[in-house]
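Here the structure comes first, spelled out in structure tokens, and everything after it is commentary.
The values are calculated or read from the model by the stated rules, or taken from the named source; none is laboratory data. Just so it is clear, the model here is predicted, and its values are computed rather than measured. Neighbour counts run over all protein chains shown; Cβ positions are idealised from the backbone, glycine included. Quick note on the areas: whole protein, heavy atoms, side chains included, nothing else; ligands and nucleic acids left out. Shrake-Rupley method; radii C 1.70, N 1.55, O 1.52, S 1.80 Å.
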Amino acid sequence: MVKVLKAGKSQDELNKNNLEVSKIVANAIQEIEERGDEAVREFSEKFDKWSPESFRLSQEQIEEIVAKVPAQAIEDIKFAQKNIRQFAEAQLASLSDVEVENIPGVILGHKNIPVSSVGCYVPGGRYPMVASAHMSVLTAKVAGVKRVIACTPPINGEIPNATIAAMALAGADEIYLLGGIQAMAAMAIGTETIQSVDMIVGPGNAFVAESKRQLFGRVGIDLFAGPTETLVVADETADAEMIATDLLGQGEHGPTSPGALITTSEKLAMETVEEIERQLKVLPTADIARVSWDDYGQILLVDSIEEALIEADKLAFEHVEILTANPDYFLENMTNYGCLFLGPETNVAYGDKVIGTNHTLPTKGAARYTGGLWVGKFIKTVTYQKVTPEASAYIGEYAARLCQLENFAGHAEQALLRVRRYGKK
């Protein structure tokens with residue numbers, strides 16, 4: 001039996017906020033669609049106080065910016081990108097073209113073809129998300145995407161040097177200092193100075209996420225990525241300090257970032273609540289983390305690890321840390337999650353920044369039907385068929401009858417033409 005020790009905001013409250021965001025985004029997209037660069041510049045001035053001569057950075061500007069980044073930061077970025085590249089290359093190697101002779105004379109196959117052009121969004125604001133450049137730009141390049149453009153907003157009127165350096169080192173073909181709805185719409189729709197792309201990817205705030213939702217269809221997207229989510233599943237072997245640290249460490253992302261604890265130990269749950277309060281008194285980002293925990297934090301007390309698994313799959317959270325005696329039980333049995341962090345030695349921050357797995361992951365229950373961003377998201381698996389004359393006549397008789405069964409006379413005639421042309425004389 002599940003006992004709710006703490007609950008977050010109701011779905012009704014969340015829906016009210018979503019409707020307002022949706023209206024703002026729809027209006028902005030329409031403006032950019034109708035007025036192009038002029039509207040992009042107006043939104044950039046309004047939201048970011050940013051209106052340069054060109055939003056695109058020249059190669060000379062990029063080189064000057066990269067030169068300003070401390071050597072240690074460049075080394076750290078390269079270390080993270082090496083790990084991410086290696087894992088992405090291993091994933092790519094798992095994708096194979098296929099060709100089989102299904103019936104004598106009937107050759108069927110599939111090919112894996114990279115998307116031609118991709119736009120990558122790298123968030124800014126209070127937290128310049130340097131790592132998002134690795135996760136999107138670099139992964140797209142490993143997949144074989146020919147044109148990868150990247151957008152990130154200025155921060156308080158300043159260029160985020162480390163983010164630009166990460167984009168450049170990851171292999172971005174074009175870099176734009178542009179944020180928010182205006183960046184997403186410009187990449188998807190295209191303007192006089194920004195050529196549109198076939199797919200847009202990357203995390204962002206509620207406005208960026210809603211932009212992706214509304215632009216989906218005219219371009220592809222990676223997934224709907226809302227506010228970051230973190231679930232800790234713990235038994236009596238875990239400790240409250242680690243749980244509190246890991247929940248608040250993700251709660252600092254934003255005031256709407258859900259954090260949850262599912263535990264078999266009521267004692268541990270109470271200790272975690274006390275530890276969260278203690279840490280919030282000293283955490284530099286407590287102004288954000290407290291709101292996210294107060295409004296979106298959850299604690300569920302369950303009777304067993306088996307029940308914990310059921311509840312964890314229901315939540316289908318983005319990040320799931322397993323702090324139990326046997327973490328592999330969840331690896332073997334859990335099905336709905338973005339990324340699993342097994343055991344106390346790892347944590348979400350490793351995945352977010354450096355270890356090699358991608359940090360753009362499904363939220364809001366999307367883990368029920370999709371995984372996160374990876375090389376495969378940038379690749380189209382397309383099929384083809386080749387048929388000998390004899391096989392065409394053989395298949396054609398079956399095809400014609402099946403088409404007639406559905407009253408498709410024109411379809412049937414396609415098949416019958418081959419039967420007449422390639423059948424025995």
Please find, within region 328-345, the residue that is nearest to residue 372 (Cα to Cα) out of those that are open to solvent by less than 30 Å² (accessible area, probe 1.4 Å) and without any contact (Cβ under 8 Å) to a residue 24 or more places away in the chain.
340
Close pairs (6 angstrom Cβ cut-off, 6 or more residues apart or separate chains): without any contact (Cβ under 8 Å) to a residue 40 or more places away in the chain in region 247-271, in a loop (DSSP other than H, G, I, E, B) and not β-branched (Val, Ile, Thr) anywhere:
257/227; 265/236
Considering only residues that are among the aliphatic types (A, V, I, L, M) and outside any helix (DSSP H, G or I), look in region 258-298 and name the one that is most open to solvent (accessible area, probe 1.4 Å).
282
Can you tell me how many residues in region 337-348 are within 16 Å of the chain's Cα centre (by Cα) and not in a loop (DSSP other than H, G, I, E, B)?
3
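Condition check ((1) loosely packed, with under 14 Cβ neighbours inside 10 Å; (2) over 23 Å from residue 133 (Cβ atoms)) across all residues:
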position	(1), (2)
1	yes, yes
37	no, yes
40	no, no
47	no, no
75	yes, no
81	no, no
85	no, no
Tally, over region 378-398, of residues that are in a helix (DSSP H, G or I) and surrounded by 18 or more Cβ atoms within 10 Å (Cβ to Cβ):
7
